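S.K.: Structure incoming, see below.
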Amino acid sequence: MDTFSVIVTVSMALLVLWILALGFFHPKSGAEILQWRATRSPATEAQNEVDDVAQMIAAQNELRARRGKTARTQDDVEAQVVADRQALAAYADRYWEGERDRRIAAPGGDMGLVVYEKPTCSNCRRLARILTERGIDFDRVDYHVDPLPADRIRELLAKAEITPREALRTKEPGAAALEDASDEQILAAMAADPTLLQRPIVERGDRAVLARPAERVLKLL
C-alpha cells in the first residue's frame, strides 16, 4: 500500500472514530441539536384520524347513493364493527370447540392442556402467547383464586417429576420457614399459601411440566 492510500485510510478511520465519539459523549441528542419538534400535536393527530373516518364514511355514502341505498352514520359503522367482531369471536369459539373434540377423539389424540397459572405473571402470559400463536386450545386455572389442595399439588408435581422443594418459590416470605420442612409440610404450606408454588404448571393427561421457561411446554406438544 502506497503512502497516499495509508493517509486516506487512516484519515477515514479517524473520522469514523470521531463521529462515534461525538455520538457517545455529546451531552445533547441529535433531536436536541437539530431542534426537532413534532410537527403535529397529539390533539391534531387525533382530529386527523377522526376526519379520515368521516371522509371514508362520506365516500362510502356517495357510492351507496349512486346505488340507491340509504346513507350510513358513524354510529352505524361502529355498530357494524362491533357486530363483526362478535361474530368472528363466536366463530372462533365454535371452531376450537369442535377442533378440540376432534383431537381428543383421534387415536392417540390430544388429552387437552390445563395451565395452572397466575394471570399477572409475565412467564404465564408468555406461555399463553406460545400456545395461542400455535393455535393450541387450553384451559386456564388461576390457583391463586381457587387454591389447589395438597393432594392435587402432589399429583401435579409427580407428573412433572419434580419434588415439592424444587417447586418451592424460595424468594417468597413464607419460604424461609420451610428450610428444614418435609415434602408433606411443603405441600401443606403450598395449599395454604399458593404464592409458594412455582408457576405455571401445564398438565396434559398423565404428564405435566413446570414451564419455566415457558418454552418447556413444547415438551408436551
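S.K.: Kindly list the residues of segment 171-205 that lie in the label zone of D151, defined by a backbone N under 18 Å from the point 7 Å along the Cα-to-C-beta vector.
M.R.: Zone members listed by number: 184-192.
S.K.: For segment 113-220, what number results from the quotient of the Cα radius of gyration and 2.2 N^0.38 Å?
M.R.: 1.02
S.K.: Still on this model: Check which residues have an amide H placed less than 5 Å from L113's amide H, if you skip close sequence neighbours.
M.R.: Close amide H contacts, sequence-distant or interchain: D139.
S.K.: Given contacts defined as C-alpha pairs under 8 Å and at least six residues apart, what's the relative contact order of segment 113-220, whole-number percent?
M.R.: About 35 percent, as a whole number.
S.K.: In addition: Starting from 0.36 nm per residue, how many nanometres of slack lie between S122 and D193 once their C-alpha separation is accounted for?
M.R.: Using 0.36 nm per residue and subtracting the Cα-Cα distance, I get 23.6 nm.
S.K.: With a point put 7 Å past each Cα toward its Cβ, work out how far E184 is from R207 in nm, to one decimal.
M.R.: 3.2
S.K.: If each residue of separation counts as 0.36 nm, what is the full-extension length gain between A176 and D75 once their alpha-carbon separation is subtracted?
M.R.: Here the segment from A176 to D75 would lengthen by 30.5 nm.
Values quoted throughout were computed directly from the atomic coordinates according to the rules given, and no laboratory measurement underlies them. If you're wondering where the values come from, they're calculated on a predicted model, not measured in any experiment. Cβ: placed from backbone, ideal geometry, glycine included. Neighbour counts: every protein chain shown.
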